[in-house]
C-alpha cells in the first residue's frame, strides 16, 4: 500500500514565520509613531506661522498685537477657538487634526504664541516670541 503524503509546512516553520512578522510589525509601529509625531509638530509650526502673519495684519490695523492676556497662558480648546474667531485673528485652526492647542499672550507691543500638544503622554510645547522686533522659537518636545 502506498501512503498519501501531502506536502505542507511544519509547525516550527509556521512559528518562525509568525515570529518574523511580529518583529517586523513592531519595528514598523515604532517608526510610524515617530512619523506621526513629527507631522503634527510640523502642522503646529505651520499654524503658528499663520498666526504670526495674522498678528502682523492685526498690528497694521490697530497698532497693537492681539493677545489673550498679559501673563503666560495655558493653551486650551477655548483659547484656540478664540484665536480662530473672525473678530479676533480669524486663523483657521484644525486642532482636532494636529492635536495642538494654542494661546497668545503679551503686552500688545510684543507677543508669545504658545502651542501645547494634546496627544499621548509625551509633553510637547512650542513657543514663538516676538519681542523688540526679534523672533525666537523654542521647542520642548
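Throughout, read-outs are computed from the coordinates displayed, never taken from laboratory work. Everything quoted here is computed from the prediction, not taken from an experiment. Cβ coordinates were reconstructed from backbone atoms using ideal geometry, including for glycine residues, and neighbour counts include every protein chain displayed.
List residues of the stretch 60-99, by number, whose backbone nitrogen lies under 20 Å from a label position 7 Å along Cα→C-beta of residue 39.
Residues 93-99 fall inside that zone.
Calculate the FRET efficiency for residue 131 and residue 62 from the Cβ-Cβ distance with a Förster distance of 25 Å, rounded to the nearest 0.05. Numbers along the way, then the final one.
On the way: r = 19 Å, r/R0 = 0.74.
With a Förster radius of 25 Å, E is 0.85.
Could the peptides 104-117, 63-76, 44-57, 18-31 be put in order, highest first, of the mean number of other beta-carbon atoms found within 10 Å of their residues?
On the way: 104-117: 19.9, 63-76: 14.6, 44-57: 17.1, 18-31: 9.7.
So the peptides 104-117, 63-76, 44-57, 18-31, ranked by packing, come out 104-117, 44-57, 63-76, 18-31.
In nm, to one decimal, how far is the modelled label at residue 77 from the one at residue 32, with both set 7 Å along Cα→Cβ?
About 2.7 nm separates the two model spin labels.
Of 102, 59, 32, which has the largest mean-square fluctuation in a 10 Å C-alpha GNM of the chain?
Maximum fluctuation in the GNM of the chain, among the listed residues, is at 32.
Applying 1/(1 + (r/R0)^6) with R0 = 25 Å to the Cβ-Cβ distance of residue 21 and residue 96, what FRET efficiency is obtained, to the nearest 0.05?
Between residue 21 and residue 96 the formula returns 0.15.
Give me the percent relative contact order of the chain, please, defined on Cα pairs under 8 angstrom at least 6 residues apart.
17
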